[in-house]
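Working notes, beginning with the structure itself.
The values are calculated or read from the model by the stated rules, or taken from the named source; none is laboratory data. Because the structure is predicted, anything quoted here is derived from the model rather than measured. Because the Cβ atoms are built from the backbone with ideal geometry, glycine has one as well, and the counts that use them run over all protein chains shown. Quick note on the areas: whole protein, heavy atoms, side chains included, nothing else; ligands and nucleic acids left out. Shrake-Rupley method; radii C 1.70, N 1.55, O 1.52, S 1.80 Å.
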Amino acid sequence: MKKFLIYTLILIVLAAAAFGFVAYFKDTDAPKLALTPDKGYIGTEAPFVLEVQDPITGIKEISVVASQGDKSISLLSVTSFADPLHSSLEFDLSKSGFKNGSLTISVTATDRSIYNMGKGNTSIKQWKFDLDTEKPRILVLSRQHNIARGGTTAITYTVNEPVSKSGIQVKGHFFPGYQQPSGAYLCFFAYPQDLTEEEFQPALIATDKAGNSSRGSFYYHTINKKFRHDVINLPDRFLNAKMPQFEDDFPDAKTQLERYLLVNRELRVKNRARMRVLGQQTLHTPQWAGRFLRLPNAANRARFGDRRVYRYHDKDVDHQTHLGIDLASIRNAKVPAANSGKIVFTGFFGIYGDTVIIDHGCGLMTLYAHLSQIGVNTGDTVNRGDIIARTGATGLAGGDHLHFGVFVGGIPVDPIEWWDARWIKNNIQTKLDLAKSGKAAD
């Protein structure tokens, strides 16, 4: 009996030792640390996000210290966590009082492990940054900026330091500026046709790599423009002929009219959203020169900005705005590239049918829609006047014609301006010349 008790006691001791051994060595890994941003220029208002993970025993405490020279400031000291296994903390340098220059952020994190004689595992990591609290300074080189509702103008400016973003903000639209070889920035921007004069308040902004933003003032003059109204009748023969090409887009539509309305509303919105994406994926220097070509020997049909009422069996069923110019010539007429550039899209493009899109640089693009044949490929470079396609009636076209569109930063603008050599000289070419020289206008 006595031996049994001794053996039992030994087993208990061994079990306790084994348990203690396992507990002691259960977590020997220090917490994992990640800081965003983790390098480069920073401003005092820019937020940092610190991610700390310890998936076994959890986080016990975290401290964050910023230092510059002999000065050190505690930014965070945390000992309570909603989720000890994974903590995400935000902080900034808004109350640090540091001067511009290099600084170091040090993070110390300790877990709840009993390893290391009960002290747990500790991670210590440092990140070095360049603090910049000065806003970028913008100098506008161009002087006159006249712009009509639905139209375009350009602005040329310089910034005294590298920027992460600059350009013109117009309500919910941003038109980026593109730095030219001279160092100056060139920005085409639009007066969207759906904005009133009160809503159109363009702002020139620049944000440096530390996150500091500033605004540059500039003179501009707006020209209010009214648009025509039109009625589009939708006979059944048109719907029956056109809607089969959109059955895959809207297979659940019960009638051809229902499918047409879905195409005219929802697919139209998707196509315009795609143009905004394409507008940001542009070459950074102008690829074109001179006025833009118009489809030869063609008559103007629908105009840019026409407010359309769609009518079915004498009942108004929809309202949309026509954002290009329809040009009617002979059937299957040859379509020239309006100006030099790079082909960025070819193929079926929703309401536009078979389409070609050319990038002319700095967010300026032209669109050729309802084509019957396409003679170029995405990625091709074309010159002004090169034949790229033939007119047709694909998409929502009611007959053979070319829908010609011009886009700035993905926003549709009036093509008529770009056909006018005098308008280009007075409103655009002067800005291009300033961007090439990098010097202010005399």
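Among the residues of segment 57-73, write down those that are β-branched (Val, Ile, Thr) and in a loop (DSSP other than H, G, I, E, B).
THR57 - this is the single residue of segment 57-73 that is β-branched (Val, Ile, Thr) and in a loop (DSSP other than H, G, I, E, B).
Based on this model, can you work out whether GLY353 counts as farther than 24 Å from TYR178 by Cα, at pLDDT below 95 and over 23 Å from the mean Cα position of the chain (by Cα)?
So GLY353 fails the test.
Looking only at segment 273-289, count every residue that is assigned to a loop (DSSP other than H, G, I, E, B) and among the hydrophobic types (A, V, I, L, M, F, W, C) and tell me the total.
So the count comes out to 3.
For the structure I just gave you, tell me whether LYS32 is surrounded by fewer than 15 Cβ atoms within 10 Å (Cβ to Cβ) and farther than 30 Å from THR133 by Cβ.
Numbers: surrounded by fewer than 15 Cβ atoms within 10 Å (Cβ to Cβ): yes; farther than 30 Å from THR133 by Cβ: yes.
It is true that LYS32 is surrounded by fewer than 15 Cβ atoms within 10 Å (Cβ to Cβ) and farther than 30 Å from THR133 by Cβ.
Taking segment 70-111 only, how many residues are among the acidic types (Asp, Glu) and out of contact with any Asp or Glu (no Cβ under 8 Å at 6 or more places or on another chain)?
So the answer is 3.
Could you check, for segment 228-251, whether at least one of its residues is more than 30 Å from PHE349 (Cα to Cα), touching a Ser or Thr at 6+ places or on another chain (Cβ under 9 Å) and outside any loop (DSSP other than H, G, I, E, B)?
no
Could you count how many residues in segment 85-114 are open to solvent by less than 70 Å² (accessible area, probe 1.4 Å) and over 22 Å from ALA66 (Cβ atoms)?
2
Checking the condition among the β-branched types (Val, Ile, Thr) and either surrounded by fewer than 16 Cβ atoms within 10 Å (Cβ to Cβ) or in a strand (DSSP E or B) (or both), which residue from ILE416, ILE424, ILE388 passes?
Just one listed residue meets the conditions, ILE388.
Kindly indicate whether GLY167 is surrounded by 21 or more Cβ atoms within 10 Å (Cβ to Cβ), within 21 Å of PRO286 (Cα to Cα), small (Gly, Ala, Ser) and touching a residue at least 60 places away in the same chain (Cβ under 8 Å).
No; evaluated as a whole, the condition is false for this residue.
Of all residues in segment 82-123, how many are part of a loop (DSSP other than H, G, I, E, B) and of a type in the set (S, T, N, Q)?
First, the residues of segment 82-123 that are part of a loop (DSSP other than H, G, I, E, B): 82-85, 92-100, 112-121.
Narrowing further to those that are of a type in the set (S, T, N, Q): 94, 96, 100, 113, 116, 121.
The qualifying residues number 6.
Identify the residue in segment 243-289 that is more than 18 Å from the chain's Cα centre (by Cα), among the hydrophobic types (A, V, I, L, M, F, W, C) and closer than 30 Å to ALA184 by Cα and, among all such residues, is surrounded by the fewest Cβ atoms within 10 Å (Cβ to Cβ).
Restricting attention to segment 243-289, the residues satisfying the condition of being more than 18 Å from the chain's Cα centre (by Cα) are 243-268, 285-289.
Subset that is among the hydrophobic types (A, V, I, L, M, F, W, C): 243, 246, 250, 253, 257, 261-263, 267, 288-289.
Filter once more, keeping what is closer than 30 Å to ALA184 by Cα: 288-289.
Details: TRP288: 23, ALA289: 12.
Among those residues, the one meeting the criterion is ALA289.
If you scan segment 57-84, which residues turn out to be more than 23 Å from ASP130 (Cα to Cα), of a type in the set (A, V, I, L, M) and open to solvent by less than 80 Å² (accessible area, probe 1.4 Å)?
Across segment 57-84, the qualifying residues are ILE59, ILE62, VAL78.
What residue, of LEU371, LEU432, is of a type in the set (A, V, I, L, M), modelled with pLDDT of 95 or more and either under 22 Å from the mean Cα position of the chain (by Cα) or open to solvent by less than 10 Å² (accessible area, probe 1.4 Å) (or both)? Lay out the reasoning, then the answer.
On the way: LEU432 fails: either under 22 Å from the mean Cα position of the chain (by Cα) or open to solvent by less than 10 Å² (accessible area, probe 1.4 Å) (or both).
Among LEU371, LEU432, only LEU371 is of a type in the set (A, V, I, L, M), modelled with pLDDT of 95 or more and either under 22 Å from the mean Cα position of the chain (by Cα) or open to solvent by less than 10 Å² (accessible area, probe 1.4 Å) (or both).
For segment 178-186, indicate whether the set of residues that are open to solvent by 30 Å² or more (accessible area, probe 1.4 Å) and over 22 Å from GLY361 (Cα atoms) is non-empty. First the steps, then the outcome.
So the first thing to find is which residues in segment 178-186 are open to solvent by 30 Å² or more (accessible area, probe 1.4 Å), and the list is 179, 181-182.
Keeping just the survivors that are over 22 Å from GLY361 (Cα atoms) gives none.
Within segment 178-186, not a single residue is open to solvent by 30 Å² or more (accessible area, probe 1.4 Å) and over 22 Å from GLY361 (Cα atoms).
Just name the residue that is surrounded by the fewest Cβ atoms within 10 Å (Cβ to Cβ) out of those in segment 290-316 that are in contact with a helix residue (DSSP H, G or I) (Cβ under 9 Å, 6 or more places away or on another chain) and in a loop (DSSP other than H, G, I, E, B).
Looking at the filtered set, the residue picked out is HIS313.
Exactly one of these conditions fails for TYR219: (1) open to solvent by less than 50 Å² (accessible area, probe 1.4 Å); (2) part of a loop (DSSP other than H, G, I, E, B); (3) of a type in the set (Phe, Trp, Tyr). Give me its number.
So the condition that TYR219 fails would be (1).
Quick one: would you say GLY97 is under 17 Å from GLY43 (Cα atoms), modelled with pLDDT under 90 and of a type outside the set (Lys, Arg)?
Taking the combined requirement at face value, the residue satisfies it.
For segment 35-56, which positions are closer than 18 Å to ILE105 by Cβ, open to solvent by 40 Å² or more (accessible area, probe 1.4 Å) and not in a strand (DSSP E or B)?
PRO37, ASP38, LYS39, GLU45, PRO47
What number of residues in segment 320-346 are of a type outside the set (A, V, I, L, M), in contact (Cβ under 8 Å) with a residue 40 or more places away in the chain and either more than 24 Å from GLN193 (Cβ to Cβ) or open to solvent by less than 10 Å² (accessible area, probe 1.4 Å) (or both)?
Going through segment 320-346 one residue at a time, the tally reaches 10.
Can you go through GLY379, GLY405, GLY398 and tell me which one is part of a loop (DSSP other than H, G, I, E, B) and either modelled with pLDDT of 95 or more or buried (at least 22 other Cβ atoms within 10 Å of the Cβ) (or both)?
Result of the check over GLY379, GLY405, GLY398: GLY379.
Just to be sure I understand, how many residues within segment 124-167 are closer than 26 Å to PRO412 by Cα, among the hydroxyl-bearing types (Ser, Thr, Tyr) and part of a loop (DSSP other than H, G, I, E, B)?
1
At pLDDT below 95 and open to solvent by 20 Å² or more (accessible area, probe 1.4 Å) - does that describe any residue in segment 138-155?
yes
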